[in-house]
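Enquirer: Have a look at this one before I ask anything.
The values are calculated or read from the model by the stated rules, or taken from the named source; none is laboratory data. All of these numbers come straight from a predicted model, not from anything done at the bench. Here the Cβ positions follow ideal geometry from the backbone for every residue, glycine too, while neighbour counts run over all protein chains shown.
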Amino acid sequence: MKRLAAIAFAALAAPALVAPGSVSAQPYAINPGYWEVTTNWLGLVRKTERWCVAPKAIPRFLAGPCNHIYHCTYPVQEFHDGRAHFEGDIRGHDELYHVKGGGTYSPTTLDMKVTGVGHWHILPVVGAQASMSGRFLADACPAGAKQVKP
């Protein structure tokens with residue numbers, strides 16, 4: 001189930017990487033600093049974590065599970081006026097998921113939902129749903145906070 005939660009996070013977070021020039025005045029899709037993020041997979045697995053996100057670690061933070069466990073492609077990525085829409089594929093060893101989703105974002109908040117179908121080994125996965133919400137807590141991180149590695 002932990003692996004499925006990582007899939008959900010990958011599907012939700014990876015497209016949140018905004019292309020240069022697509023956001024005016026704000027250089028990042030989210031603020032660097034201390035974040036609290038809650039993921040919910042199928043209503044069965046809910047996890048809240050706090051992360052210290054340095055500016056250079058923002059891409060890794062948003063796309064981490066996709067980079068080291070899965071290969072993700074999102075040929076459809078639309079980000080404007082605080083709204084996101086994405087569609088793509090998440091591939092792993094003996095698994096493939098076709099996903100689409102979106103939501104809203106700002107420098108201090110993130111609220112995304114995703115649905116998908118695919119297979120895990122030989123088992124079909126139909127109507128999978130996941131969500132992720134995040135909120136910016138502070139510019140500075142407390143001592144000992146979990147760091148996102150760039």
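Enquirer: Where in segment 67-145 are there strands (runs of 3 or more DSSP E), lying fully within it, with 3 or more residues that are aromatic (Phe, Trp, Tyr) and surrounded by 19 or more Cβ atoms within 10 Å (Cβ to Cβ)?
Expert: On the way: elements: 71-80, 83-92, 95-105, 109-120, 123-138.
By residue number, no strands (runs of 3 or more DSSP E) qualify.
Enquirer: Can you list residue pairs whose Cβ atoms sit under 6 Å apart, with the first residue in segment 92-107 being within 17 Å of VAL126 (Cβ to Cβ) and in contact (Cβ under 8 Å) with a residue 24 or more places away in the chain and the second being of a type in the set (D, E, K, R) and in a strand (DSSP E or B)? Count only pairs 6 or more apart in sequence or on different chains.
Expert: From residues that are within 17 Å of VAL126 (Cβ to Cβ) and in contact (Cβ under 8 Å) with a residue 24 or more places away in the chain, the pairs are LYS100/GLU87; GLY101/LYS113.
Yes or no, residue by residue, for (1) modelled with pLDDT of 85 or more; (2) surrounded by fewer than 13 Cβ atoms within 10 Å (Cβ to Cβ); (3) at positive phi; (4) not in a strand (DSSP E or B):
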site	(1), (2), (3), (4)
SER22	no, yes, no, yes
THR39	yes, no, no, no
ARG50	yes, no, no, no
PRO59	no, no, no, yes
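Enquirer: Report yes if some residue within segment 131-138 is over 17 Å from the mean Cα position of the chain (by Cα) and not hydroxyl-bearing (Ser, Thr, Tyr); otherwise report no.
Expert: Scanning segment 131-138 turns up at least one residue that is over 17 Å from the mean Cα position of the chain (by Cα) and not hydroxyl-bearing (Ser, Thr, Tyr).
Enquirer: Go through segment 88-109 and give me each residue that's touching a helix residue (DSSP H, G or I) at 6+ places or on another chain (Cβ under 7 Å) and farther than 14 Å from HIS71 by Cβ.
Expert: Within segment 88-109, GLY101, TYR105 meet the criteria.
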